[in-house]
Each structure stands twice: as C-alpha cells, then as structure tokens.
C-alpha cells in the first residue's frame, strides 16, 4: 500500500477549499446563488368631479399719492371682505396672497432726463376657497359687483382625495400584476413572490388662465369644473424562477 505525503502548501490549499465549500452550501450543491427578479411598473387612474375651488380676487387702485391710492384700495377691499362674509365664506378660507404699492412713471421715450413719478398704484389680492361649486359663479359676480377689479386663476380640487388615491393604488397594483403575469408567461418563467414595491404619484389639476375684469358682469358667470384625475404609479419587483 502506497502512502501519499502531502506538502504543507497542499495541506493549506485543501483546508481553504474545504472551508469555502462549508461556507457556501449553494455552490457545493450546484445551485445558482444569484436570485433572478423581474421589475414592472403599473399605473392606476381614478376620476371624480371636483368639490372645491380656489380663486384669487383683488382690487387695483391708482392715486396721485401713495396715501390716496392706499385709502381708495382699503375702502374697496373692505367691501370685498364684507361681501365674502355675506356669502358665508369663513375667515380661514380667505388669505392675503399679494399686496404692493408701486410708483407710476411718466411714459416719455424722447426724454433723457430722470423719470418723473406721476402717481401710485396699490394692488391687494386675496385667495378664496369656495367649498360649494354651485356658488362659484355667483361668488365671482358678487365680488366684481363689490369692487374687485382683478380676478386671478381659478383651480379645482377634491377636498378629500384619500379614497381616490387608495382606488388608484389598487388599480396600479392590479396593472403591475397583469403585466408581470404576461411577461412571465411569454418568457417561460414562473412568477414568484413580491420582493419590493415602490410608489410614485401624480395629481394634475385643471387650472383656468388668470383674467382681469373691469366693470360689472352683465350675466351670471358660467363655470365648468370638469373632472379631477388622481393617478398613482407603482414599481413592483417579483422573484422569478
């Protein structure tokens, strides 16, 4: 019987290889240690009629002095505030969004001298939240009648979007599951459990262009709220085999 004597280097190499196999059972059993995954995105969208609107209303006045312009503006804005109270709009739904006092200069392009101040302009604007869209058109009419001569953009929102967001998430997840099932079947793989879900959302709002109104409205102002869209996007990673 022959006896094999291993050198010190061979003994060390054999010990290292043995420890590597013990620490890596997947390699020892011939399995692939890398997990295979599939990542897909799903979109969900739910539409609903808005139930709330925001608009801006204000007064722009001019005067020969800053004090005159401000006094005239204050009188008109007090009428605007009183009108909002009469309409039942609470104080918390009204917020000053812009106030400015600016000098007005003489427009003389042929003059090389320093521009001369000929008056002042005062602008005071408030943002108003209207929680009853049926009152939006009449509210605009009454505001103009009370002295508001500058109306800003009107935007529509949904007061409580959470139920719609939940429905949009469910639709997005369903869309992702359908896509993953289709890809797995077409690719000849088996769909495994979900490994990761990430979310992103988008909520576009229809906004109407700003407008300036001088004088009184001749007829009730028509308002179309349309539909509000709530969208959700999910990215889902599945294990596949």
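For the stretch 78-97, name all the residues that are assigned to a helix (DSSP H, G or I) and without any contact (Cβ under 8 Å) to a residue 60 or more places away in the chain.
78, 81, 84, 85, 86, 91, 92, 93
Among (1) over 18 Å from residue 127 (Cβ atoms); (2) modelled with pLDDT of 90 or more, there is one condition residue 84 misses while meeting the rest; what is its number?
(1)
Return the residues of the stretch 25-48 that are at pLDDT 90 or above and not in a strand (DSSP E or B); say none if nothing qualifies.
36
If residue 76 meets every condition in (1) within 27 Å of residue 157 (Cα to Cα); (2) buried (at least 18 other Cβ atoms within 10 Å of the Cβ); (3) touching a helix residue (DSSP H, G or I) at 6+ places or on another chain (Cβ under 9 Å) apart from one, which number is that one?
(1)
So, residue 202, is that one closer than 19 Å to residue 46 by Cβ, outside the structural domain of residue 76 (by TED's automatic domain parsing), within 23 Å of the chain's Cα centre (by Cα) and modelled with pLDDT of 90 or more or not?
No: the conditions fail for residue 202.
The values are calculated or read from the model by the stated rules, or taken from the named source; none is laboratory data. Because the structure is predicted, anything quoted here is derived from the model rather than measured. With ideal geometry, Cβ positions are generated from the backbone for all residues, glycine too; neighbour counts draw on all protein chains shown.
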